[in-house]
Amino acid sequence: MASADDALLKTGDKKAGKEGEETTNGGGKGLAATLGLWNGVSMIVGCIIGSGIFVSPTGVQEKAGSVGMSLIVWVASGFFAAIGAYCYAELGTLIRKSGGDYAYMMEAFGPFWAFLRLWIEAIVVRPCTATIVAITFAIYMLRPFFPSCPPPDGTVQLLAALLLLLLTAVNAYSVRAAQFVMDFFTTAKIFALCCIIGTGAFLLCTGNPKYYDSFENIFEGSAQDVQSVSLAFYSGLFAYQGWNYLNFIVEELQNPKRNLPLAIIISCSLCTVIYTLTNIALYTVVSPDEMLASPAVAILFAEKMYGAFAFVMPIFVAFSTIGSANGVIFTSSRLFYVGAREGQMPRLLTMINKQTRTPLPAVLFTGFLSLLYLILSDNVFKLINYTQIVYWIAIAAAMVALLWFRKTMPDAPRPIRVPTIFPIIFLLGCIALVILPIMADPKEAAVGLLLILSGIPVYAIFIGWKNKPKCFDTSMDKLTIFCQKLFMVVDDEKEE
């Protein structure tokens, strides 16, 4: 009776363990190229504009020390992210594989370093980001019900878990449903932030001196040490995180030569303008001291300005965070999919449900990790700092790969060729964002570095160890077969 099980396994045998093989997206095979330019823009904007703009103003203000320095951090963070996105446009059109940095590291430096990059992004950064977004959603949604006291213990975690479960279900059900969620909530969140910006602009135009209080002595109290400013950049850059997410699904993007750079330019410029103007608007109503004391600065803004209509702000925040968490889960599941396709994740994660045509096991695993971090987390800002040092080490490695490709692939077609000065500037900035926070807070930096190093024994046991006992492989095969039957998934490329 083993023939049916063997047939299931053989659908993955050809590809498991092979590195560098691309998924086709035509003829109904693999992940279809269904994302147009607007989908790409909304995907990046949807990933960037999420919890960051509602959490990070407090973190930036705390470390920057003044309104003026905070605004500089916001603008500089957007500019820095745009440089990185520009460099990534060259990588994305040179190495046209889904997986983003993981695919670039595989091509440049081989399977070990590629696995560490996969481990950093898929196991640490993405699930933590989804958890942070979900926690922010819960805090804002519960604030109107508990305006003068914290919500009961466990309430925030429960609501955040419900959001993660819902979005996991949407991404498991349909790619089109996930795209609809992204497009709808991206439009809604931009409208919400425009309302805040419009209110702030109106207040400034009235000429009432009280709305200018935060802008008097604008640089008073600015942080004097470079380490504190670098931590302010961590919070600011966290709000922009997502600028490179489209590179992770480039195989699903129509005409990437045109649409990838356009989507990056449009989305990064739009987000920088929106973030800077939103912070200016917040400062017209909320003083720096009030911002430091409030866990939900946008609701404080609404309570002061909208009165009985302040209840709309948690809804707007919900729109923003739902879209952001959806984008993280959507792109993260594709990263698992590509890693498994290269033989560095369980091959079950390469498989697609025949009815929904979604990478169902990868989506469910992403949701599971996000829930796990939710259980383990106790502080949003610590989570941000843990992930950021890991994140910027990985981004620096991608810039090294770009420069390496200039040497090893000098004649390869490059639809986009970035002037060499940009990746060098960006690489130096990434190095600074790693070294300076280590000097400022060695304990949190050590946690981040341990998360990276934890991938080494995993690689050694599951990938580097070639002569495993037969019982190990047999057990893994049985588990794969069981999950294939449970989720009704197959290796789509092997269907006839």
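What to note about this one:
- Answer residue from segment 237-254, given it is among the aromatic types (Phe, Trp, Tyr) and in a helix (DSSP H, G or I) and is modelled with the highest pLDDT among those: Tyr240
- Filter result (small (Gly, Ala, Ser) and either open to solvent by 30 Å² or more (accessible area, probe 1.4 Å) or in contact with an Asp or Glu (Cβ under 6 Å, 6 or more places away or on another chain) (or both)) within segment 395-409: Ala398
- Residue-level check: of (1) within 18 Å of the chain's Cα centre (by Cα); (2) open to solvent by 10 Å² or more (accessible area, probe 1.4 Å), Met106 misses just (1).
- A Cβ distance below 7 Å, combined with a sequence gap of six or more or placement on separate chains, defines the contacts here; from segment 191-209, residues that are part of a helix (DSSP H, G or I) reach no residue that is loosely packed, with under 12 Cβ neighbours inside 10 Å.
- Single unsatisfied condition, Ala362 versus (1) open to solvent by less than 30 Å² (accessible area, probe 1.4 Å); (2) in contact (Cβ under 8 Å) with a residue 12 or more places away in the chain; (3) within 20 Å of Leu193 (Cα to Cα): (3)
- Residues considered: Val317, Val312. Of these, the only one that is free of Cβ contacts under 8 Å to residues at least 40 places away in the same chain and either surrounded by 23 or more Cβ atoms within 10 Å (Cβ to Cβ) or closer than 26 Å to Val41 by Cβ (or both) is Val312.
- Filter result (open to solvent by 20 Å² or more (accessible area, probe 1.4 Å) and of a type in the set (Phe, Trp, Tyr)) within segment 109-136: Phe109, Phe112, Trp113, Trp119
- Scanning segment 180-232 for residues that are within 29 Å of the chain's Cα centre (by Cα) and aromatic (Phe, Trp, Tyr), we see that the one that is least open to solvent (accessible area, probe 1.4 Å) is Phe185.
- Enumeration of residues in segment 109-155 that are more than 14 Å from the chain's Cα centre (by Cα), more than 14 Å from Phe336 (Cα to Cα) and aliphatic (A, V, I, L, M): Ile135, Ala138, Ile139, Met141, Leu142
- Residues of segment 62-89 that are open to solvent by 10 Å² or more (accessible area, probe 1.4 Å), in contact (Cβ under 8 Å) with a residue 24 or more places away in the chain and assigned to a helix (DSSP H, G or I): Glu62, Lys63, Met69, Leu71, Val75, Ala76, Phe79, Phe80, Ala82, Ile83, Tyr86.
- Residue check, Val55 surrounded by fewer than 23 Cβ atoms within 10 Å (Cβ to Cβ), in a helix (DSSP H, G or I), among the β-branched types (Val, Ile, Thr) and touching a Ser or Thr at 6+ places or on another chain (Cβ under 7 Å): no
- Helices (runs of 4 or more DSSP H) (entirely within segment 410-496) containing at least 3 residues that are β-branched (Val, Ile, Thr) and open to solvent by 50 Å² or more (accessible area, probe 1.4 Å): 421-440
- Hits in segment 285-302 - residues which are open to solvent by 60 Å² or more (accessible area, probe 1.4 Å), more than 11 Å from Tyr140 (Cβ to Cβ) and in contact (Cβ under 8 Å) with a residue 40 or more places away in the chain: Leu292
- Scanning segment 288-317 for residues that are touching a Phe, Trp or Tyr at 6+ places or on another chain (Cβ under 6 Å) and in a helix (DSSP H, G or I) gives Ala298, Pro314, Val317.
The values are calculated or read from the model by the stated rules, or taken from the named source; none is laboratory data. Everything numeric here is computed off the predicted structure, so don't read it as measured data. Cβ sites come from the backbone with ideal geometry, for glycine too, and all protein chains shown count toward neighbours. Side chains included, ligands, DNA and RNA excluded: accessible areas come from the protein's heavy atoms. Shrake-Rupley method; radii C 1.70, N 1.55, O 1.52, S 1.80 Å.
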